[in-house]
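The values are calculated or read from the model by the stated rules, or taken from the named source; none is laboratory data. These figures come from a predicted structure and were not determined experimentally. Cβ placement follows ideal geometry from the backbone for every residue including glycine, while neighbour counts extend to all protein chains displayed. Each accessible area value is taken on the protein alone, full model and side chains, heavy atoms only, with ligands, DNA and RNA left out. Shrake-Rupley method; radii C 1.70, N 1.55, O 1.52, S 1.80 Å.
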Amino acid sequence: MSTRRQLLIGLGASALAAPLVSLAQKQPTKVYRIGVLSPSNPAATAHLNEAFKQALREHGYVEGQNIILERRYGEGRAERLADVAAELVRIKLDVIVTATDPAIAAVKRETQTIPIVMVNSTDPVGTGFVASLARPGGNVTGLSTISPELSGKKLELLREIVPGLSRVAFIWNSSVKGAVFDYKETESAARSLRLQLQSVEVSRAEDLDRAFSAVTNQRAQVLIVQTPNPVLFANRSQVVSFAQRDRLPSMYGQKEFADAGGLMSYGPNIADMWRRAATYVDRILKGAKPADLPVEQPTRFELVINLKAAKALGITIPQSILVRADRVIE
């Protein structure tokens, strides 16, 4: 009797468990929608998108399986950012990832509720994106490129390459608050090195020819291109061509400029910052609040030297600089 009772109980339990197993098997996988706003164009940012996607895969998120990536592009035009930011917000996303201060500002104006992950804000506190680096508050967190010592290092490198350096042209966008911080740091460093800093502003692609003429007329000896700047990044081939044509040794903040033929770049590894942004996305999707996730700063910096560009300019890069380079383009 006892054995029969146990058999009946077992059969009953199995019958109850079967629907539960079947139900569990039919439960759909949660699919997250992630917005990605790149201020430049698809071709210019393909390698950064791939770095981000690969990092997401390492956290278990695969496009087409458990995530949908809604990509939008500013095409290097500041006036377009507001429209694409508004478009992303209307989709009702789980999180939005974006890069550079103009794009971050555009998204933040559209939503105070959807989590926003910054890839590379120049000065997130100064721009008002976060209350502080340690405790961001609000719906924004992520990564900042803020690194005051970089400005002085860039000038020192240029002075090693150009003996007797006195006049430095600095192309930047004064309408971006984060860029103002960078300019002031460079201005201070130039003053301590007794160098004359010549400000040349670019906020739209249409400003480039005027900016190039200003650099030439001011008889600058070297050129610094402030980054991140979506307009300059999207038009980097044009910027690099001008520097080569005017035989201007140039310093850029992103390696993509050196890859495009620029003489030298020194700054944070932006692809690495896109990879790190995936970690923020993972934590937010698992329940963390942006307000409680501290803003992080760069951990990897790259010095890239383009010897082909040096040869075209007729200059010799000192061995003391070459041994410090993370990569040399020959």
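When peptides 78-84, 92-98 are ranked by their average number of other Cβ atoms within 10 Å per residue, the highest-first order is 92-98, 78-84. Using θ = phi - 60° in the Karplus curve 6.51 cos²θ - 1.76 cosθ + 1.60, the 3J(HN,Hα) couplings for region 75-86 round to 6, x, 10, 4, 5, 7, 4, 4, 5, 6, 5, 5 Hz; x is entered for Gly and Pro. If R0 is 25 Å, the Cβ-Cβ spacing of T113 and K153 corresponds to a FRET efficiency of close to 0.05. Here the 3J(HN,Hα) profile of region 299-308, calculated from phi with Karplus coefficients 6.51, -1.76 and 1.60 at θ = phi - 60°, is 10, 10, 10, 10, 10, 10, 10, 9, 5, 5 Hz, Gly and Pro shown as x.
Ranked from largest, the principal axis spans of the Cα set of the chain equal 104, 40, 33 Å. Annotation: amide H of R71 within the under-5 Å range of V36, sequence separation 5 or more or interchain, hydrogens built in the peptide plane. Protein-only accessible surface at a 1.4 angstrom probe places the residues L155, L197 in the order L197, L155, largest first.
A 1.4 Å probe over all protein chains sorts V176, V328 by accessible area into V328, V176, starting with the largest.
Amide hydrogen proximity for E302: with H placed 1.01 Å from N in the peptide plane, the residues at 5 or more positions away or on another chain lying under 5 Å are G267, N269.
Could you tell me the calculated FRET efficiency between H59 and I91, based on Cβ-Cβ distance and R0 = 22 angstrom, to the nearest 0.05?
It comes to 0.50.
In sequence order, region 181-196 has phi-based couplings of 4, 4, 5, 5, 5, 5, 4, 5, 5, 5, 4, 5, 9, 6, 10, 8 Hz under the Karplus curve 6.51 cos²θ - 1.76 cosθ + 1.60, θ = phi - 60°, and Gly or Pro positions carry x. The alpha-carbon positions of region 45-162 define a convex hull whose volume is 152 Å³ per residue.
The alpha carbons of region 113-228 occupy a box of 51, 32, 18 Å along the principal axes, longest dimension given first. When Rg and the Kirkwood Rh are both derived from Cα coordinates, the Rg/Rh ratio for region 171-330 amounts to 1.01. Here the relative contact order of region 43-108, from alpha carbon pairs under 8 Å that lie six or more residues apart, stands at 23 percent. Measuring nothing but how far apart in sequence close Cα pairs (under 8 Å, 6+ apart) lie, relative to its length, the chain scores a relative contact order of 18 percent.
Using a probe radius of 1.4 angstrom, the carbon and sulfur fraction of the accessible surface of the chain is 50%.
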